[in-house]
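The next block holds one structure in the form of structure tokens; read it before the comments.
The values are calculated or read from the model by the stated rules, or taken from the named source; none is laboratory data. The shown structure was predicted, so the numbers you read here are calculated from the model rather than taken from an experiment. Glycine also receives a Cβ, built like all others from the backbone with ideal geometry; neighbour counts cover every protein chain displayed. Accessible surface areas use protein heavy atoms only, side chains included; no ligands, DNA or RNA. Shrake-Rupley method; radii C 1.70, N 1.55, O 1.52, S 1.80 Å.
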Amino acid sequence: MPLSKVTYPFPIDGKFQQIFKGPRPEHWKEAATRKGFELIGRAKDRLHVVLGCQSCGAPTLKRISVVLGHNPQCPHCIQARRAAAARAIGAALIDADPNDRHYGLFRFGCGHIDRRQYHRVEAAAAGGHQASCSACIEDRYAKEAQCQDWKLVGPARRKGLNYRRYQHACDHCQDVAVVNMRNGDLDCAGCGETWASKPSEIYILGFTVPNLSVIKLGYSSNSTIRMRQVQRDPDQTRGSLLRKIDVETGHRAICVEKALHNHIRRNRPDLIVPPELFRDHIRTTSEIYHRHGKPYIEALLDAVESSWDPRAQNAAA
């Protein structure tokens with residue numbers, strides 16, 4: 001059948017297509033209807049048909065072999081879904097990536113334009129993860145590094161996407177996981193500064209697990225971050241920092257903390273909460289005590305601040 005010189009009076013996928021004169025067999029129409037379309041006509045050549053989407057009404061051009069043997073999708077519905085996902089995360093889909101059909105160009109609320117995979121944007125819109133523009137993310141990583149006396153240099157040389165290259169105050173450069181830099185959980189391989197030599201804290205955290213208030217005694221270089229780390233669902237456990245004391249080094253902090261736990265186990269085992277009562281809510285296997293034991297544990301921290309060393313008492317016991 002010849003290709004007509006007449007075009008359809010409406011654009012099809014953004015272009016005006018020439019009408020192809022030819023029959024439209026019933027089994028073609030039935031296949032299109034089963035798959036969510038109406039067979040409008042034929043176009044371009046003998047291999048293509050024009051379909052009208054039953055959902056959005058927009059026309060699209062498809063090979064007849066796709067209609068008969070596969071499940072054609074409406075590109076206009078897909079575009080609308082992607083645009084809605086972008087709006088849900090505070091962005092706008094402005095164009096397709098010219099180099100990869102799986103990516104689009106998005107303008108975020110900050111004004112930056114960034115390239116993102118469509119499925120990642122839709123997952124973010126569904127609550128699967130957060131989505132921010134790359135420029136703002138790198139700015140945040142740089143500020144987090146400054147808080148730890150490091151400088152963000154750029155992408156990691158050999159490791160994955162969750163790593164960056166940083167420069168320490170001593171000028172040494174190394175690749176570090178972003179989360180470790182954020183939490184200050186890293187060692188400098190150049191000057192030898194480690195968690196053991198850096199200042200630390202011994203803390204008391206408060207949590208609420210079902211029908212029970214508990215406290216956690218532990219050590220960390222950053223008690224506030226540690227509080228966030230150990231909660232599986234912060235909205236439920238409502239963690240709070242109740243008390244902390246400064247300790248000159250991480251090495252002394254872990255030694256004193258372990259000695260305090262030994263002291264409590266020996267003298268006040270009634271304060272220990274069984275793991276089965278909290279393991280589904282707090283990411284730890286021990287170190288959890290009943291809330292009514294807080295005055296007793298605070299008294300222990302007062303003694304530590306006054307130069308009491310629980311290690312010496314444990315050795316003598």
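Things worth noting here:
- In the set (1) part of a strand (DSSP E or B); (2) under 17 Å from L301 (Cα atoms); (3) modelled with pLDDT of 95 or more, the condition left unmet by V214 is number (2).
- Criterion (of a type in the set (A, V, I, L, M, F, W, C), within 17 Å of Q17 (Cβ to Cβ), part of a helix (DSSP H, G or I) and modelled with pLDDT of 95 or more) met by exactly one of V66, V50: V66
- Condition check for S286 on (1) out of contact with any strand residue (DSSP E or B) (no Cβ under 9 Å at 6 or more places or on another chain); (2) among the small types (G, A, S); (3) part of a loop (DSSP other than H, G, I, E, B): one failure, at (1).
- Any hit, region 271-278, residues being surrounded by fewer than 18 Cβ atoms within 10 Å (Cβ to Cβ), more than 36 Å from the chain's Cα centre (by Cα) and in a helix (DSSP H, G or I): no
- Hey, R268 at pLDDT 95 or above, of a type outside the set (D, E), under 33 Å from the mean Cα position of the chain (by Cα) and open to solvent by 50 Å² or more (accessible area, probe 1.4 Å) or not: no
- Evaluation of S307 against the conditions (1) open to solvent by 40 Å² or more (accessible area, probe 1.4 Å); (2) at negative phi; (3) at pLDDT below 95 shows that the sole unmet condition is (2).
- Meets criteria (in a helix (DSSP H, G or I) and either surrounded by fewer than 17 Cβ atoms within 10 Å (Cβ to Cβ) or of a type outside the set (A, V, I, L, M, F, W, C) (or both)) for K294: yes
- Within region 72-101, the set of residues being β-branched (V, I, T) and within 22 Å of the chain's Cα centre (by Cα) comprises I89 only.
- Near pairs, Cβ below 8 angstrom, 6+ apart or cross-chain, from region 190-210 (within 17 Å of E248 (Cβ to Cβ)) to any residue that is of a type in the set (F, W, Y): S200/Y219; E201/Y219; I202/Y219; Y203/Y219
- Only one of I245, I225, I215, I204 that is of a type in the set (V, I, T) and in contact with a Phe, Trp or Tyr (Cβ under 7 Å, 6 or more places away or on another chain): I215
- Checked against the criterion of being exposed (fewer than 12 other Cβ atoms within 10 Å of the Cβ) and within 22 Å of the chain's Cα centre (by Cα), the candidates G104, G69, G111 yield just one match: G111.
- Residues in region 218-265 that are within 20 Å of D280 (Cβ to Cβ) and aliphatic (A, V, I, L, M) were compared, and the one that is most open to solvent (accessible area, probe 1.4 Å) is M227.
- Test: residue in region 119-129 that is surrounded by 15 or more Cβ atoms within 10 Å (Cβ to Cβ) and in contact with a strand residue (DSSP E or B) (Cβ under 6 Å, 6 or more places away or on another chain): no
- Taking region 163-185 as the range and being buried (at least 18 other Cβ atoms within 10 Å of the Cβ), outside any loop (DSSP other than H, G, I, E, B), under 20 Å from the mean Cα position of the chain (by Cα) and not basic (K, R) as the test, the residues that pass are Y163, V176, V178, M181, N183.
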